[in-house]
């Protein structure tokens, strides 16, 4: 019986792992599987038509942003030398795919607003400050970004720092491990402890905070995480927010949240969210307080607090289960009456997939009505 492991090589899944925030897939492969992946990539890149050209361009762009390993670089060079029709295939895709608002060209960094309609691939940079200074100057110089763009990243909440570099996870990339080793060497060369670290344990010093000011001064040894391409929500600019407000008092606001917009923002975007745009629509001086969340793809009622007192009161109601929630779902086909349970395959990144094996076991045991 063949057993599929998480390192098995499927060409489409391998490419998807590169584009879906998984830059560590290549470094985790053994030499044999790396050789097999190299052959699969070359086969994909040599194909003509929109599919092959699209894949070739995705790999080209990720190579520019230093996400893909040397494996993909070697595959690109070999495929380019053996595939004369690759460039024409790429040109066809570039013109046809622009209508779908999919990013297919090199990034020209200017400003984050107005919001672009193009979908930029994820790019997260981990940095170690080796010479103290202003954070805008340091990041713009190290990443070759305009200072205005770096200031926009800070405004969006897309930049984080820690006094000490966090310990790498088991799935960390070679770049992150190298960065951590540099931190360790730098720490050993320092003759005296930094003033900001006095009285703090290593765990406290490794705690990550969000950068909130363009005038933030960073000292030598500080760890920075920069989300160069924040996750965008262009729909926030298309919504009449005043018409979505159901109720408003001196203590709270009830919003009919539209689909496609986050309630309280993401780790790299605190600008394009419901709380920010509702507060602006109402002309409030103080920001609204998020009391609970519903999924970005879900529409429904969301309660924002205007005061800390109401926020504490509403949280108490949630803890005591005095707030009733009802969800309505649209089904593509009739659903049988009964209890339906599903299990998701364990994965750190979306999209998460239903585990068919566990569902079949439960159905055989009679726990699921289908």
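Numbers below:
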{"read-out": "When segment 172-231 is reduced to its Cα atoms, the Kirkwood hydrodynamic radius in Å", "value": "13.7"}
{"read-out": "Exposure proxy ranking, count of Cβ atoms within 10 Å, fewest first, for 107, 323", "value": "323, 107"}
{"read-out": "Three-way shape call for segment 124-227 based on the alpha-carbon gyration tensor, with the a/c threshold at 1.5", "value": "prolate"}
{"read-out": "Hydrodynamic radius (Kirkwood) for segment 234-319, which is based on Cα pairs only, to one decimal in Å", "value": "12.9"}
{"read-out": "Added length on full extension, which subtracts the Cα-Cα distance from 0.36 nm per residue, residue 355 to residue 132", "value": "75.4 nm"}
{"read-out": "Contour excess over end-to-end distance, with Cα ends at residue 207 and residue 219 and 0.36 nm allotted per residue", "value": "2.7 nm"}
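None of the figures in this text is laboratory data; all of them are computed from the coordinates on show. Quick caveat, the model's predicted, so the values are computed rather than measured. Cβ atoms come from the backbone with ideal geometry, glycine included; neighbour counts cover every protein chain shown.
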